[in-house]
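As structure tokens, the structure follows; a few thoughts come after it.
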């Protein structure tokens, strides 16, 4: 018994000695000057490494273009997104319960505020439709800032929130805005054909979805909004939108909706990416 | 020491074999102490009648069958209990749950737990955690199986040594001789043995006819010992009337009463003592354990710190657990233990090629750290065959050639005296070559006859041609064989010359007895009267040869006068009717079991390698000392206390023992030494010889050396060596002459029985220790670039730079071959010129290695990895400044329009592909910086330019890891299987500057190291 205790005491005193040895003035097995030297070494060494890292990073950043990223191959098929957007891609509300859709209305109002006609007219051009709005740089001379085309809120008609400030949510005819992700230099259509959005129900929900209305008409993203020149060159770029209005969706049931972009240039997205060239969301309208 | 004292007695009597509680051990210790005492046999001092009475047997009739059956049931079969073996599944589990496995198991369990939580709370849980959990489990099981099979393979070697032939014994039961299985022999049986038999049990000899037994495996005496019914010594091991279990009867016949069987025999006690000895961990096992402790400590510390940090930073429990898994996976060098095993296996194979067979993989390194070798004499240092070493004739000592290959010097063979001497030695000799060996060299031929006669036979055959021819020409007419009262052997022959009808009487025997019978002496072929001067010369020669530890025989002859002994004279050997004195003395021949040719050189090498070589033998001190001097264990010019006393002509007690570097200690003195005295001897004498030691004393010597902190290697072949072999840090048994018990107890077997192979073992062991350091330094370095991504991921919220799967790809994929290839690295300097490592100071993994691997090279590597990470993200549109804090949106599946620095928007999957591409690039960068790392790890002190790139395996490893990295990146389907994506060619070059920096940095460090030996750089960075 006593042996163990002695051993314990010995071990702990050894430990204490290791931590601070009063004879040799060693803290954790090193004297002050030894600690000082090793810490100084590591300080200098790490400063040098940091310097080297900063240098390589600086050189790397020098090789980058300010207006266009080096690689865009991962963005061949642009993603699509909806508004309003909750935590999940789920639009679920009760017609009679104002609180349940109030958030969506707020979200849409905020999202659409830069699309107000007054603002658009002030900052952007009125471009000729159905053709690309190309603004080439002439060699080294940048043609900046580049101009953008107007996308007026009124173009969304029933879904603009102007005529119907509840976007149809109070009547069980909700509007959902669909946007195509911005990709620099992307040309989404050729031969003057603008890409357009079509929505449909997934799986067995096709009978529940009811008729849909698209704004602007046919759900097109007009070609004049392309190509995008990046946020540095094209500061006031306005992303075009397509609004989908569910006119008579079934109540009290989950409807899985998928909207797709239809374009004659964009590649079909991969099977793994559920948001490339398409967007899926769940719609549920309760009557109470 | 908390176990109840009162329990020990009860436990000692219980027979629960599986009970491995400490209490049992205590009972065991008591038994062990008992076994360590000397043999308690007393039967040799009893009269035969008493022995018969004790065993209820009859000297003529033997036991009755009923009694025999009863005794068999009481005592059990006459066989050694095989040493307890660990069940295979226990060994397997040890591999499965030892080392880092526990940490990985924790990681795997956490993975499953995380997945279970996810499955319970989310609709569509991501399979990542389940996948990772399965991978981790697979990793643990596969590495476990791998180590298990490696171990099993080396332990299988042993099975080939098992002797399966059942032994037979001839017993007398109920008055009839029956041949029974040796296992059925019981105490009290009357048994008969004859030349060639193995003695089936310990027997008290009742009657014997020229019986000689070979006790060498028990006592180390190289000469056969004669057995007779008389008690000649109090010590049962030395008395003539006991023959021991498993020793061999060389010639003659004997009859005796079995007094002990099975484990109670002397041999059995030694075997039990051996198998009961607790052997400590091998030095390398201790080192690896120490290193696992360090790594585990770091892993647990980091894991827990960041777990708490994650919780404090507001991550969810699940996220914190996933971080924990990542940190564990990054911290544990999964492939390292397998690498170590492979390195050891490779060395074991290399050693096997050089005739060192390693039974226990870890023992590979032990020889390298050995600081003391306790070597048995017979068979290890010596050739284990008597050989004529010196001759004295014409009043001059001549040296015979004792080397194995007859490369030594020869002597003048023209003297007539020599021819006479050779004739006597050839004629007065009963040994003869066994038939059918004419093709073999003389020294390799088997001889029927005792050791010294064989030695004479071979010596004469070598120098004078066929002995058989001489014998045919000189027909033997009469013969008196050697007996212990006469101490001579004589025979009478016809002469070669058919016209000469005289008879030739030849005689050999103990020199002083022979001299007494001589009145003349042959000098240069002429008979001269034996005067005082010549007698004195004889005495001097005899003393000198005896002092060399050699067995001396005198030879004389006489041509019997024809008038007294005409042709056809009937020589009566019973009642000697012819002249046996006034003979003519011819010369002396002395024999010794000579040292092996390679041994002195090997001992010298051990010396220069800082290893103390101690001889421990059962043989006589004089012989032992002579051999020790012969092989350099006692080096030239070093004296023992006795030598000093003799030189100064003062009593031994007046010599200061400190003046003598060498000492020869007799077993009986050893018995009386206290532990302190023993330590004193071992500490203060550099050259020690222990003679006449018992197996138990050998064990005490080994323990004494170990007490002084030495790592002890023991070499031996006999059963008597086996306890010491087992207790030693590494036991080395002899493959050819070694007994099964010794092989069982040893960790290593010298297939050619050559001590010199030990030097190879030491060299290989030291090399592998150095190379393991390099290998570990290499492997540990990549831990830093594996951990830092996680830390930055948690602290600054950037997208994860390196995933767990890619970490496993590094640890178990690309790092493996280069790490193993370092085991093939050549030594940097002459490793046989430095001192053995000090197990307390020279650790396998020390703080300097960690400082270099983690603090310096690892950091550069991490920067290289991060650099390529930032390059890829920046080139895809996410500039570094933009990344900090992006993690929350980045990892949100619902955010599919995340904006980058250029205003582009990314879906979850799109940016994840970029992230996984970053993982791949980080992985490739680690491979690139590991190129430089493996090159700098080739050497610890020298420049690579001094060392060269001769290691082909390493070059192969460089290409292999690169090819593997390219395969993992570019092989179609990898995006789904491992989520690794093809890299743009330029991304391979991101880490090149860092790789180059590593190389330059370490070359500069090593340059400073070489320039200032003992300087700050060495103290802080030389691992």
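What the table shows:
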read-out: Antiparallel %, DSSP beta bridges [both residues in the protein assembly as shown], to 5; value: 75
read-out: Packing rank of A:137-144, B:660-667, where each peptide gets the mean count of other beta carbons within 10 Å, highest leading; value: B:660-667, A:137-144
read-out: Residue order, fewest to most beta carbons within 10 Å, for B:912, B:475; value: B:475, B:912
read-out: Neighbouring partner chain Cβ atoms per residue of A:49-56, average, 10 Å criterion; value: 4
read-out: Shape call, the stretch B:36-86: gyration tensor on alpha carbons, a/c limit 1.5; value: oblate
read-out: Expected 222 nm ellipticity per residue - DSSP helices of 4 or more, -39500 (n - 2.57), all of chain B, to 500; value: -14500 deg cm²/dmol
read-out: Most to least packed among B:861-867, B:359-365 [average Cβ atoms within 10 Å]; value: B:861-867, B:359-365
read-out: Average partner coverage of B:335-348, which counts Cβ from other chains inside 10 Å; value: 0
read-out: Using alpha-carbon coordinates, inclination of helix B:756-781 to the longest axis of chain B, degrees; value: 10
read-out: C-alpha long axis of helix B:317-331 to longest principal axis of chain B, angle in °; value: 40
read-out: Between the stretch A:249-288 and the stretch A:60-116, the alpha-carbon center distance in angstrom; value: 15
read-out: DSSP bridge orientation in chain B - percent antiparallel, rounded to nearest 5; value: 75
read-out: C-alpha long axis of helix A:98-112 to longest principal axis of chain A, angle in °; value: 90
read-out: Burial ordering of A:187, B:849, B:898, fewest other beta-carbon atoms within 10 Å first; value: A:187, B:898, B:849
read-out: Shielding of A:31-40 by partner chains, average beta-carbon count, 10 Å; value: 1
read-out: Gyration tensor verdict on the stretch B:593-645 (Cα atoms; rounded if a/c is under 1.5, prolate if a/b is larger than b/c, oblate otherwise); value: oblate
read-out: Helix-derived mean residue ellipticity, 222 nm - over chain A, DSSP H n ≥ 4, -39500 (n - 2.57), to 500; value: -8500 deg cm²/dmol
read-out: Exposure proxy ranking, count of Cβ atoms within 10 Å, fewest first, for B:211, A:199, B:145, A:159; value: B:145, A:199, B:211, A:159
read-out: Relative contact order for the stretch B:508-559, counting Cα pairs under 8 Å that sit 6 or more residues apart, in percent; value: 52
read-out: Tensor-based shape of the stretch B:232-282 (alpha-carbon gyration tensor, a/c under 1.5 rounded, otherwise prolate or oblate); value: prolate
read-out: For the stretch B:294-406: relative contact order, % (alpha-carbon pairs under 8 angstrom, 6 or more apart); value: 14
read-out: Among B:254-267, B:105-118, B:824-837, the order from most to least packed when residues are scored by Cβ within 10 Å on average; value: B:254-267, B:105-118, B:824-837
read-out: The stretch B:292-340-the stretch B:206-281 distance, computed between alpha-carbon centres (Å); value: 61
read-out: Cα centroid of the stretch B:765-837 to Cα centroid of the stretch B:76-137, whole Å; value: 24
read-out: Overall Cα dimensions of the stretch A:156-197 - principal axes, largest extent first, Å; value: 39, 20, 17
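Every number here is computed from the coordinates shown, using simple stated rules; none is lab data. These numbers come from a predicted model, not from an experiment. All Cβ positions, glycine included, derive from the backbone under ideal geometry; neighbour counts span all protein chains shown.
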